[in-house]
Amino acid sequence: MVSIRHRGWAQLGAITLIVAGLFGSVSGRLLWAQGAGGGGQNQQNVQQAGVAIDAEGFLRLRTFPDPTGALTRQRMAEAAARLEPDLARPSPLRKISLNRLEAALAVRLASGQAETDEMRYLAGLTRITHVFYYPETRDVVIAGPAEGFFVDLSGRPIGIRSGHVVMELADLVAALRAFPPSGKRTSLIGCSIDPDPEGLQRLQQFLGRVGRNVSRVGVDRLVAEMKQVLGPQRVTVSGVSDKTHFAQVLVEADYRMKLISIALERPPVDIGSYAERALRRGAARNALARFYLTPNYECVRVSEDGLAMRLEGEAVRLMTEQELITAQGQRVQTGGADPSAEAFARAFTEHYPALAARVPVFAQLRNLIDLSIAAAFIQQQDYYSQADWYLGIWADESGYAIETGQAPKMVESAVNVLWRGNLLMTPIGGGVNIQPRLALQPERLLPDEGAQVAKVRPESAPVQLKPSQWWWD
């Protein structure tokens with residue numbers, strides 16, 4: 001956050017400008033976005049949101065208005081009519097054998113058939129809560145709640161009954177490739193959106209020249225000039241291919257968090273924004289606030305025999321750190337505290353479960369974290385060699401392609417304008433930082449008290465399955 005105080009602005013009713021690294025121009029405010037509407041969710045005022053990436057890698061926001069919810073209800077009804085009854089029936093713990101699924105998909109692809117929606121959307125799984133290994137059948141199994149699903153206007157698979165986002169096979173494969181049988185250990189999965197140092201330097205110089213020559217009348221011109229001076233911001237994806245759906249979710253979640261932080265998106269949960277908090281408290285000169293979406297790493301409970309694992313909690317936290325921007329546009333960590341940033345991060349974390357229930361991209365991010373930790377656990381426990389399964393067609397793009405999207409490379413700086421006092425501030429920065437193996441460190445593992453995790457494994461065993469069957473309740 002770059003802040004400059006001008007004593008002579010009091011009589012003008014001075015200006016506060018918020019600049020963040022976001023995707024595309026945002027006109028007005030995105031009041032809220034919701035993916036679906038099962039389970040009693042409000043079908044009115046639905047404005048689904050997503051992103052689009054052009055051939056140059058420029059990523060922009062897209063919205064899909066459905067004022068009455070009629071289009072959404074139509075898609076739900078059509079999907080419900082197509083789904084097999086067993087698949088549509090909600091299940092508190094649906095089990096999926098990864099190696100059986102991979103084998104079934106390999107047979108379809110070898111015969112020239114495409115994957116089914118049942119495969120593509122992991123039999124309606126909305127969360128991963130358990131990982132099991134069965135030595136007697138050599139099944140590597142993930143499990144969690146599931147239900148019938150449809151694809152909403154923004155292209156997201158959504159549970160018909162609960163409205164929860166449904167997991168995708170492409171994301172699972174991306175996570176498994178990050179922690180493959182070869183033993184390669186990905187240390188970081190994440191993304192970052194950053195301005196160029198030259199852009200930050202130009203912005204500092206520009207703000208120094210602005211002086212008192214600002215009024216409410218000149219705000220639009222000033223905003224346009226600041227966006228031009230700062231220029232596009234770079235998108236960096238780590239740990240997974242930037243051409244995957246996994247990467248797109250990472251970047252969109254970061255983007256939407258920033259929109260909320262600068263009050264350009266008003267989510268359906270009362271979180272408040274960092275910008276408004278900073279406006280009330282004031283801000284330090286030349287400070288840059290950075291926010292990171294990270295896992296809550298104390299989330300794994302493992303049975304004593306290592307054959308069962310349970311993921312607990314909501315998994316996602318928003319963290320902050322404080323930096324300064326030098327005249328040369330370099331960022332320097334200060335180690336200082338920003339009460340406004342810390343208050344926003346706390347509120348975002350506390351309300352994350354409710355936010356994820358209403359804004360699908362945040363549920364998708366939570367699921368990516370769970371998938372990453374589950375994949376790291378499967379590798380750590382060496383289930384691959386025990387099962388004599390080495391990902392098969394999922395091992396690389398030649399067998400199963402997941403790098404099918406356009407890689408996000410750039411985003412346009414987005415600006416919000418708030419008026420109060422005599423403060424000019426421009427918060428920028430942040431990202432997503434997932435280090436799955438941290439959750440598996442011995443000091444972070446939760447004990448399996450009363451062998452509750454271990455007891456679920458035999459109850460979930462693949463018993464009397466058909467030859468091609470890969471999921472069961």
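The values are calculated or read from the model by the stated rules, or taken from the named source; none is laboratory data. Here the structure is a predicted model, which is why all the values come from computation and not from measurement. Using ideal geometry, Cβ is built from the backbone for each residue, glycine included, and neighbour counts are taken over all protein chains shown.
For the stretch 399-413, give me each residue that is outside any loop (DSSP other than H, G, I, E, B) and in contact with a Phe, Trp or Tyr (Cβ under 7 Å, 6 or more places away or on another chain).
Met410, Val411
Take the stretch 453-473 and flag every residue that is free of Cβ contacts under 8 Å to residues at least 24 places away in the same chain and either of a type in the set (Phe, Trp, Tyr) or at negative phi (or both). Give the derivation first.
Initially, the stretch 453-473 is screened for residues free of Cβ contacts under 8 Å to residues at least 24 places away in the same chain, giving 455, 458-459, 463-464, 466-467.
Matches in the stretch 453-473: Lys455, Pro458, Glu459, Val463, Lys466, Pro467.
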Select from the stretch 179-191 the residues that are surrounded by fewer than 24 Cβ atoms within 10 Å (Cβ to Cβ), touching a Phe, Trp or Tyr at 6+ places or on another chain (Cβ under 9 Å) and modelled with pLDDT of 90 or more and list them in ascending order.
Pro180, Pro181, Ser182, Thr186, Gly190
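Condition check ((1) within 25 Å of Thr294 (Cα to Cα); (2) in contact with an Asp or Glu (Cβ under 7 Å, 6 or more places away or on another chain); (3) modelled with pLDDT of 95 or more) across all residues:
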| position | (1), (2), (3) |
| --- | --- |
| Trp389 | no, no, yes |
| Trp394 | no, yes, yes |
| Ala401 | no, no, yes |
| Glu412 | yes, no, no |
| Leu423 | no, no, no |
| Thr426 | yes, no, no |
| Gly431 | yes, yes, no |
State which residue is surrounded by the most Cβ atoms within 10 Å (Cβ to Cβ) when the search covers only the stretch 354-384 and only residues that are out of contact with any helix residue (DSSP H, G or I) (no Cβ under 9 Å at 6 or more places or on another chain), part of a helix (DSSP H, G or I) and not charged (D, E, K, R).
Pro360
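So, restricting to strands (runs of 3 or more DSSP E) that lie completely within the stretch 223-323, which ones have at least 2 residues that are within 30 Å of Gln386 (Cβ to Cβ) and either out of contact with any His (no Cβ under 9 Å at 6 or more places or on another chain) or among the aromatic types (Phe, Trp, Tyr) (or both)?
300-302
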So in the stretch 64-94, with the set limited to residues that are charged (D, E, K, R) and assigned to a strand (DSSP E or B), which one is nearest to Gly144 (Cα to Cα)?
Arg94
For the structure I just gave you, tell me whether Val131 is assigned to a helix (DSSP H, G or I) and at pLDDT 95 or above.
no
Quickly run through the stretch 171-209 and pick out the residues that are outside any loop (DSSP other than H, G, I, E, B) and closer than 24 Å to Gln386 by Cα.
Asp171, Leu172, Val173, Ala174, Ala175, Leu176, Arg177, Ala178
Being free of Cβ contacts under 8 Å to residues at least 60 places away in the same chain and closer than 25 Å to Phe64 by Cβ, is that true of even one residue in the stretch 181-191?
no
State whether one or more residues within the stretch 110-121 are hydroxyl-bearing (Ser, Thr, Tyr), in a helix (DSSP H, G or I) and more than 24 Å from Ser385 (Cβ to Cβ).
no
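From the list Arg290, Arg285, Arg216, Arg221, which one is at pLDDT below 85, crowded, with 20+ Cβ neighbours inside 10 Å and of a type outside the set (A, V, I, L, M, F, W, C)? Lay out the reasoning, then the answer.
Numbers: Arg285 fails: crowded, with 20+ Cβ neighbours inside 10 Å; Arg216 fails: crowded, with 20+ Cβ neighbours inside 10 Å; Arg221 fails: crowded, with 20+ Cβ neighbours inside 10 Å.
When all the criteria are applied, what remains is Arg290.
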Tell me, which residue of the stretch 224-246 that is over 14 Å from Pro195 (Cα atoms) and touching a helix residue (DSSP H, G or I) at 6+ places or on another chain (Cβ under 8 Å) is surrounded by the fewest Cβ atoms within 10 Å (Cβ to Cβ)?
Glu225
Only one of (1) free of Cβ contacts under 8 Å to residues at least 60 places away in the same chain; (2) surrounded by fewer than 23 Cβ atoms within 10 Å (Cβ to Cβ); (3) under 21 Å from Val249 (Cβ atoms) fails for Arg82. Which number is that?
(3)
Looking only at the stretch 108-116, decide whether some residue is on the phi > 0 side of the Ramachandran plot and without any contact (Cβ under 8 Å) to a residue 12 or more places away in the chain.
yes
